[in-house]
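Shown next, in structure tokens, is the structure this report addresses.
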């Protein structure tokens, strides 16, 4: 899993930890919701919550060619809702760069590796550029990013893609089988205040952590009139194990990297008479919000 661990990434990591269908090979971190040092530390601190020892690798501290942007108003100054979690005791620190670690894992698993990306795609674009054979070694890539209609950082662009559109363009043109979870579906998948309180009171540290870490984004979402905290990054994780929970359609998807007004837009042929000559992604457009929230809570309660 490649992530910019902020609040919703943290919840997604807890859910991934509980999936019985997966063997987690490692996490790579990238700047995005906040700076790289925050995402790197936050991801390592999730090993404390999970009582695990997953390898965590440091990745890119900036986009390929553009200026950094962050989302501190949603995720807090430390990216984790300003919640402080200690690092694991006696942890192993890995010096291998994220792109090298990804390639090594892909080689080891010989085409069976599934890659989840919940932040800007900088690390993965670097890996694909450095190792041209890497795309053929990845079974599936599940991405939280993009929007087929309106965006959340500009009128037409979603944060993860907008943060590094050049990297996203490289990844979407790579030939890897892609499942794309855009805002169309992720904005529908929420945890309400009642859900968060249920987790707080469930009797385990993970539930209390999720309640605490979501209070900063909950204040943000309430100010917009939303009914709960949007669990963007848990969508590709739950799709991995429960695809029947979602509705998806094959499409051609490209990223706008030139226009000032539409920079970072994921352009699709889903709603146009004119179709691209290729279908490079399975785009998740809808799902069952009730089943989603119940499964997410079930996974977290089991930690």
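To keep it simple, each residue is scored yes or no on (1) within 18 Å of residue 298 (Cβ to Cβ); (2) modelled with pLDDT of 95 or more.
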{"site": "177", "(1), (2)": "no, yes"}
{"site": "217", "(1), (2)": "no, yes"}
{"site": "224", "(1), (2)": "no, no"}
{"site": "232", "(1), (2)": "no, yes"}
{"site": "243", "(1), (2)": "yes, yes"}
{"site": "262", "(1), (2)": "no, yes"}
{"site": "275", "(1), (2)": "no, yes"}
Counting only helices (runs of 4 or more DSSP H) entirely within the stretch 204-287, those with at least 1 residues that are in contact with a strand residue (DSSP E or B) (Cβ under 7 Å, 6 or more places away or on another chain) are 215-223, 234-241
Taking the stretch 182-203 and keeping residues surrounded by fewer than 20 Cβ atoms within 10 Å (Cβ to Cβ), in a loop (DSSP other than H, G, I, E, B) and in contact with a helix residue (DSSP H, G or I) (Cβ under 6 Å, 6 or more places away or on another chain) leaves 188, 202
Cβ-Cβ under 8 Å, sequence separation 6+ or interchain: first residue in the stretch 200-225 and closer than 17 Å to residue 186 by Cα, partner assigned to a loop (DSSP other than H, G, I, E, B). Which pairs? 214/81; 217/81; 218/228; 221/228
Residue 172 modelled with pLDDT under 95 and over 15 Å from the mean Cα position of the chain (by Cα): no
For the stretch 288-303, which residues satisfy the criterion of being touching a residue at least 60 places away in the same chain (Cβ under 8 Å) and assigned to a loop (DSSP other than H, G, I, E, B)? 302, 303
Restricting attention to the stretch 1-50, which residues are at pLDDT below 95, touching a helix residue (DSSP H, G or I) at 6+ places or on another chain (Cβ under 7 Å) and more than 19 Å from residue 102 (Cα to Cα)? 21
Looking only at the stretch 134-174, which residues are more than 24 Å from residue 22 (Cβ to Cβ) and free of Cβ contacts under 8 Å to residues at least 40 places away in the same chain? 149, 150, 152, 155
Residue in the stretch 158-181 that is surrounded by the fewest Cβ atoms within 10 Å (Cβ to Cβ), counting only those that are in contact with a helix residue (DSSP H, G or I) (Cβ under 8 Å, 6 or more places away or on another chain) and part of a loop (DSSP other than H, G, I, E, B): 175
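The values are calculated or read from the model by the stated rules, or taken from the named source; none is laboratory data. Not measured: the values here are computed from a predicted model. Because the Cβ atoms are built from the backbone with ideal geometry, glycine has one as well, and the counts that use them run over all protein chains shown.
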